[in-house]
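A.B. asks: Before anything else, here's the structure in question.
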Number of protein chains: 2
Amino acid sequence: MLTRRHFIERIAAIGGASLAYEAMTGLGMLEAATQTPFALRGDGKGTRIAILGAGLSGLTVAYELGKLGYKCQVFEARQRPGGRAHTIRRGTVSEEDGPTQTCSFDEGQYFNCGAMRVPYHHTTTLQYARELQVPIETFALTAENAYFYQTKASALANRRVRLREVRADLEGYVAELLSKAVSEEKLNEAVTSADREQLLEYLRGAGALDDERRYRGSPLRGADEPRSPDGSLRYTPLALSDLLGSRMGGYLDLGFQYQETMVQVVGGTDRLPQALAARIKDKITYQAVAKEMHQSERGVSVVYADRSGKLHKVEAEYCVCAIPLPLLAALETDFSPEIKQRIASVPYSAAGKMGLQFKRRFWEEDDHIYGGASKTDMEISQIVYPSSGYLTQKGVLVGYYLQGQNGRPIGDRTPAERQALALEQGARIHPQYQAEFETAFSVAWHRVPWSKGAWSNMGAALRKELSQPLGRVYLAGDHLNMNAWMQGAFESARQVATAVHARAGAERSSAVAVGL
Amino acid sequence: MLTRRHFIERIAAIGGASLAYEAMTGLGMLEAATQTPFALRGDGKGTRIAILGAGLSGLTVAYELGKLGYKCQVFEARQRPGGRAHTIRRGTVSEEDGPTQTCSFDEGQYFNCGAMRVPYHHTTTLQYARELQVPIETFALTAENAYFYQTKASALANRRVRLREVRADLEGYVAELLSKAVSEEKLNEAVTSADREQLLEYLRGAGALDDERRYRGSPLRGADEPRSPDGSLRYTPLALSDLLGSRMGGYLDLGFQYQETMVQVVGGTDRLPQALAARIKDKITYQAVAKEMHQSERGVSVVYADRSGKLHKVEAEYCVCAIPLPLLAALETDFSPEIKQRIASVPYSAAGKMGLQFKRRFWEEDDHIYGGASKTDMEISQIVYPSSGYLTQKGVLVGYYLQGQNGRPIGDRTPAERQALALEQGARIHPQYQAEFETAFSVAWHRVPWSKGAWSNMGAALRKELSQPLGRVYLAGDHLNMNAWMQGAFESARQVATAVHARAGAERSSAVAVGL
C-alpha cells in the first residue's frame, strides 16, 4: 500500500526539492510556509549533511534539519556568515580583489551592501525574523520629496524635480484627458452611461481636477516657492509633453517586489544571518574552502582547505551546495560534463553599492527627504537615503545602487575612482556633498571572490533542472527560487530541507528493510 | 529714521503675530523656520509672560521666550504636559467625564490617542524633534495589503478587498480607457501626435496593460489564490463598474497632509511635549486652573485655582492663552462682548480613538499587514495598525479613528459600549478579534474637560481676527494655524513668541524714552 509518507518520499526521489515541498504542502503534511513556522516532522537520526556555504540558504538548511536531529556541518570560506546579506560598518574590510578598503564610518553608522529590504509579502523572510527575534522596522520606500534628475536630452534635463511633482502631474493629466474623453462621450462603448458620472467623480479626485475638469496643479505636487505676494498658493505643473519626453514616468512603476509596506532589519541586514548562525554555531566551520566533492551510492565526501591550507576530508550521506554557481563550477566534482557546463554557463550580475558618510543629514535637514530614493539617468542611477536614524547628526546614504550589469564598468574601477564618480554625480543632485562628505566604502559584487556576482541570470528551464538532486547533492540558494531576494534563499532552503528529509527517511526505511 | 527693528515692532503692534513673523522672515531677521532652529535674537530682560496651557503651543512659547531671558510661567490644569499630544499606556487614567477608565495594556504597549503622525513637510515639528533629540521613526502610511470593507449597497459590499486590488484595478482601467481614446485618435486636439506614442508607453506601464493595451490584472493587485493547477498566476480584477459603485476610489485620495514619508515619535507622541516640558520644568505649574484674566495698560493679571481650590493671582506684562477656545470662553475676562461671543462661537470636533490590545499581532501574522490602515463605511471608519514593534507578540491597534463630528455618537456612549461596537464591527474585517482581544481604552475628545474637542472648526476671517493681540493677550494654538496638526501648534507658538518679543522690545524702548 502506498502511504502518504511513501508517496512523498517517492516524489522527492524523483521530482526533487520543489515538487516534494509542494506535494507536502498540498497534502497538509507541511503547513503553508506563509502562515506558520516551518514544521517538518520526523527524526533525522543523525544522518550527516555536509553544507557548503553559510549564506542564508546554507544556514537555514542546517538550522531546519538540525531541529530534526540531522548532523549538519556547514563549511564557509569567509570568516563570517551571511554571504550577500551583509552590512558594512566601521572596521569592515573589503572582500574584493584589488586595493583593500577598510571601513572608517563612525561607530553606529552602516549601510547594507547587499540585501536591504523586505516587502510585506515575503512572508518566509518575515517568519524567520519573527522566529529568531530579529527586530524589523519600516523601510521607507516612498519619499515623495526625493528627486528625479535627468541629464539626457529633454525639456527637463539637468533640473531637479521632486517625485511628487512627476507623480501628481502625470496622474493629473491622465485624469484630465480621460475626463475629457468620457465627458465628450468618445468612449461610449467602453463606459456605460451609468458609470460615466462616477468615473468622472473618481478622476476628479485622483487627478485633483478643478471644476472644469482641468489639471492645473495640486497640493500633492507642492506649491511654487516663493508664494505669490498675497500669500496664496500657486502651482506650475510640468508640461505633459516634457514629462513624457523625460520618460520619468517609468520610474513610478516599481512592481510587485517594491510594494509597501517594506521593512528592514533594525541595525543592519547582517543581524538576520547572525541570528541564524548563533543557533547553529557549533556546526559552522569558517575559513573552510571547499575543493572537491565526490559521490558514491551511499554518500558524499567533501574535501576542504582550512585557514592554513591544510586539506580535510568530510563524509556525509548528503551534501547541500548553497554556494553561488560560479564557485560550484570551480569545484572538483564528478558531475556529468553536461551539468558542469550548465552550471558554468549561468551569468551573474555585477551589481554594486556605494556607502557615503556625511557630517550631517543634509537630505533631511535641507531637502526634507526621509528614506526613499532619488533617481537619475547618470551612472550612479539612484541615491538611497537611510530609513532609520532620522534627525540624528551624521548619516550614511547609498550613493549609488547599480543593478544588473550596470555595476560592471563602475565596479571595475578602483574604490577611489568609484568614490570620485559617486561624489561628482551625486553633487549635481545634492550640492551639499562637497562640504559634508566624510568617508566612503563600496562593494562591487562581481569582484568578491566568494560571491562572484550579485545575483544569477538563469532561465526557468535551467533553474528547474538544477533544482533536481544531482545524485546525493542538492543545490540551494536564491538563484533557484526568487532570485536576488532573501525570500528566495529561505524558500530554496526549505525546499531542499524538505526533499532531503523525505529522501533520507525513505533510504533509512529501505536500509532497514534489506537489513543494512 | 525708521529702522528695521522699529518697522518690525510697529508691524507687530499693529498687525499681530502672523504678520510680524512673516515680515521678520522676509527681511532676513529671522531665518526661515523650515531650515534652521528658530532663532529670535535680543534680550527679554525678565519681562514676565503668563502662559495658559502646557500643550505644545504653550510649552513652545515658554521654551522660546525663556531662551531670550523672558520670565515665563505656564499654568496647566492637568497633571501632565502635552494636551492632545497624548499617549495611552498602562496606568493612564481617562480624563473624560463619565465612567473612569484605567489603561491595563501590558507594559510597553501604547497608542497615540491624539496626534500620531508627521508628514515630511511639517518641518517645524521635525525641527523641534531634532532640537530636543526626540527620536522619530517611519510611520507606515501605506500598507497595500490593508483591507477595504464596504457595507453599503454595492457589488463589493460585505467583502474584504485589499487596498492593492482597488488601486491597481482602478489605475489599470483608467490607463486602458485612456489608451483606447488616444490610440483611436479621439483626443487629437488634446494630445499631439508627438506625444501619443510616449503617452501610450507610459500608460502601459502605469496600468500594467497587456500587449493589446487591455488591463487584465497585474501582480500589483495580487494573484488569485490558490494558483491555477499548473502553478501559473491568474488574476481576476474587480469590475470597473463595481469599483466605481463602491466609491472606494475616494479612499485613495489622501491629500497633501498624508504624503509620504510620514514619521512618528519613537515610543509615543507624548515624548515630544515631555522633552519640551523637561527644558522648562521649573516654569510649569500643574493642576493650576485659570479662572480670571484682567488687563491694564501695563500688564495682565491671571487668577488661578491650585489643586486644593485655593486662588492665586499672578501679574505679568503679557499673557499667552494657549488653551482651547471653549475653555477660554469660560474664563472671566474683560474682552469685549463681541470678542467673547466670537470665541464662544467656534465649534470643536468630536474626534476620538479606540486602542485595542490583542494577544498576538494577527494582522501581521495572518493578514500580512504592517502599519497602514483598513478603511470601511461602518461606524468605526478605519483600523490603524501600529508602525512599530513589528513581529513582536502583542500589539495595540487603533480600532477606530473617528474624525470630525463622526466621533460624537460613539463618544457619547460608555467606554464599554464603545468597546463592544469596535469589537463587533472590527471582527467583520478581522474575525481574529474574537479569540485574540485582551483590553481596550478609548478617548472621546469632546468629553475631555481640558480639551472640549479634538480640533476647531473656524473660518479664515475669524482665525485672522483671533490671531491679533487682544490688548496684552495673545492667543496661541493649532486652531490659529494648521488646525489639528502639531505643526500648527508649533508654528502658532513661534508667531506669538515673535510678536510678543517685538512688542515687548518696543515697549521697553519707549518706556526708557519717557523715563518710566
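A.B. asks: Out of A:Pro229, A:Pro273, which single residue is more than 10 Å from every other protein chain (Cβ to nearest Cβ) and in contact (Cβ under 8 Å) with a residue 40 or more places away in the chain? Before you say what the answer is, go through the steps one by one.
C.D. replies: Values: A:Pro229 fails: in contact (Cβ under 8 Å) with a residue 40 or more places away in the chain.
Selected residue: A:Pro273, the only one of A:Pro229, A:Pro273 that is more than 10 Å from every other protein chain (Cβ to nearest Cβ) and in contact (Cβ under 8 Å) with a residue 40 or more places away in the chain.
A.B. asks: If you don't mind, there's one more thing I want to ask. When you go through A:Asp224, A:Asp242, A:Asp210, A:Asp253 one by one, which is the residue that is within 9 Å of chain B (Cβ to nearest Cβ) and acidic (Asp, Glu)?
C.D. replies: Working: A:Asp224 fails: within 9 Å of chain B (Cβ to nearest Cβ); A:Asp242 fails: within 9 Å of chain B (Cβ to nearest Cβ); A:Asp210 fails: within 9 Å of chain B (Cβ to nearest Cβ).
None of the others qualify; the one that does is A:Asp253.
A.B. asks: So, A:Val174, is that one more than 7 Å from chain B (Cβ to nearest Cβ) and modelled with pLDDT of 95 or more or not?
C.D. replies: Details: more than 7 Å from chain B (Cβ to nearest Cβ): no; modelled with pLDDT of 95 or more: yes.
So A:Val174 fails the test.
A.B. asks: Further, regarding this structure: Scan (1) more than 27 Å from A:Gly372 (Cβ to Cβ); (2) open to solvent by less than 60 Å² (accessible area, probe 1.4 Å) for the single condition A:Tyr173 breaks and write down its number.
C.D. replies: Among (1) more than 27 Å from A:Gly372 (Cβ to Cβ); (2) open to solvent by less than 60 Å² (accessible area, probe 1.4 Å), the lone unmet condition for A:Tyr173 is (1).
A.B. asks: Conditions: (1) open to solvent by less than 50 Å² (accessible area, probe 1.4 Å); (2) free of Cβ contacts under 8 Å to residues at least 12 places away in the same chain. B:Glu131 meets all but one. Number of the miss?
C.D. replies: Evaluating B:Glu131 over (1) open to solvent by less than 50 Å² (accessible area, probe 1.4 Å); (2) free of Cβ contacts under 8 Å to residues at least 12 places away in the same chain leaves (2) as the failure.
A.B. asks: Could you please let me know if A:Tyr215 is touching a Gly at 6+ places or on another chain (Cβ under 6 Å) and more than 9 Å from chain B (Cβ to nearest Cβ)? It would help to see each step written out before you state the result.
C.D. replies: Values: touching a Gly at 6+ places or on another chain (Cβ under 6 Å): yes; more than 9 Å from chain B (Cβ to nearest Cβ): yes.
Taking the combined requirement at face value, the residue satisfies it.
A.B. asks: When the residues of the stretch A:110-122 are narrowed to those that are open to solvent by 10 Å² or more (accessible area, probe 1.4 Å) and out of contact with any strand residue (DSSP E or B) (no Cβ under 8 Å at 6 or more places or on another chain), which ends up modelled with the highest pLDDT?
C.D. replies: A:Ala115
A.B. asks: Can you pull out every residue in the stretch A:140-171 that is facing chain B (nearest Cβ under 8 Å) and of a type in the set (A, V, I, L, M, F, W, C)? Break it down into steps so the answer makes sense when it comes.
C.D. replies: Taking the stretch A:140-171 first, the residues facing chain B (nearest Cβ under 8 Å) are A:140, A:142-145, A:164, A:170.
If the condition is that a residue be facing chain B (nearest Cβ under 8 Å) and of a type in the set (A, V, I, L, M, F, W, C), then A:Ala140, A:Ala143, A:Leu170 are the ones that fit.
A.B. asks: So which of A:Ala444, A:Ala504, A:Ala497 ends up being small (Gly, Ala, Ser), more than 30 Å from A:Ser381 (Cβ to Cβ), within 23 Å of the chain's Cα centre (by Cα) and surrounded by 17 or more Cβ atoms within 10 Å (Cβ to Cβ)?
C.D. replies: A:Ala497 is the lone residue from the list that is small (Gly, Ala, Ser), more than 30 Å from A:Ser381 (Cβ to Cβ), within 23 Å of the chain's Cα centre (by Cα) and surrounded by 17 or more Cβ atoms within 10 Å (Cβ to Cβ).
A.B. asks: Let me ask you something else. Restricting to the stretch B:178-195, give me the number of residues that are touching a Leu at 6+ places or on another chain (Cβ under 7 Å) and among the charged types (D, E, K, R). Spell out the reasoning first.
C.D. replies: The first filter runs over the stretch B:178-195 and keeps only residues touching a Leu at 6+ places or on another chain (Cβ under 7 Å), leaving B:178-183, B:187, B:190-191, B:195.
Within this subset, residues satisfying the condition of being among the charged types (D, E, K, R) are B:180, B:195.
Number satisfying all stated conditions: 2.
A.B. asks: Just one of the numbered conditions (1) without any contact (Cβ under 8 Å) to a residue 60 or more places away in the chain; (2) at negative phi is not true of A:Gly69; which one?
C.D. replies: (2)
A.B. asks: Please enumerate the residues belonging to the stretch A:188-204 that are open to solvent by less than 40 Å² (accessible area, probe 1.4 Å) and of a type in the set (Val, Ile, Thr).
C.D. replies: Selection gives A:Val191 alone.
A.B. asks: While we're here: Quick check on this structure: which one of B:Gly372, B:Gly355 is within 14 Å of another protein chain (Cβ to nearest Cβ) and under 22 Å from the mean Cα position of the chain (by Cα)?
C.D. replies: On the way: B:Gly355 fails: within 14 Å of another protein chain (Cβ to nearest Cβ).
Among B:Gly372, B:Gly355, only B:Gly372 is within 14 Å of another protein chain (Cβ to nearest Cβ) and under 22 Å from the mean Cα position of the chain (by Cα).
A.B. asks: While we're here: Does the stretch A:389-429 hold any residues that are within 14 Å of chain B (Cβ to nearest Cβ), touching a residue at least 40 places away in the same chain (Cβ under 8 Å) and buried (at least 22 other Cβ atoms within 10 Å of the Cβ), and which are they?
C.D. replies: Across the stretch A:389-429, the qualifying residue is only A:Gly395.
A.B. asks: Considering only residues that are at pLDDT 95 or above and touching a helix residue (DSSP H, G or I) at 6+ places or on another chain (Cβ under 9 Å), which ones fall in the stretch A:132-146? Don't jump to the end; show me each part of the working.
C.D. replies: Step one: list which residues in the stretch A:132-146 are at pLDDT 95 or above, which gives A:132-141, A:143-146.
The answer is A:Leu132, A:Gln133, A:Val134, A:Pro135, A:Ile136, A:Leu141, A:Ala143, A:Glu144, A:Asn145, A:Ala146.
A.B. asks: Go through the residues of the stretch A:86-98 one by one and say whether even a single one is modelled with pLDDT of 95 or more, crowded, with 22+ Cβ neighbours inside 10 Å and within 28 Å of B:Ile369 (Cβ to Cβ).
C.D. replies: yes
A.B. asks: Spot the failing condition for B:Ala440; the list is (1) out of contact with any Asp or Glu (no Cβ under 7 Å at 6 or more places or on another chain); (2) closer than 21 Å to B:Gly58 by Cα, and only one is missed.
C.D. replies: It fails just one condition, (2).
The values are calculated or read from the model by the stated rules, or taken from the named source; none is laboratory data. Note that this is a predicted model, so its numbers are computed, not measured. Using ideal geometry, Cβ is built from the backbone for each residue, glycine included, and neighbour counts are taken over all protein chains shown. For accessibility, only protein heavy atoms count, side chains too; no ligands or nucleic acids. Shrake-Rupley method; radii C 1.70, N 1.55, O 1.52, S 1.80 Å.
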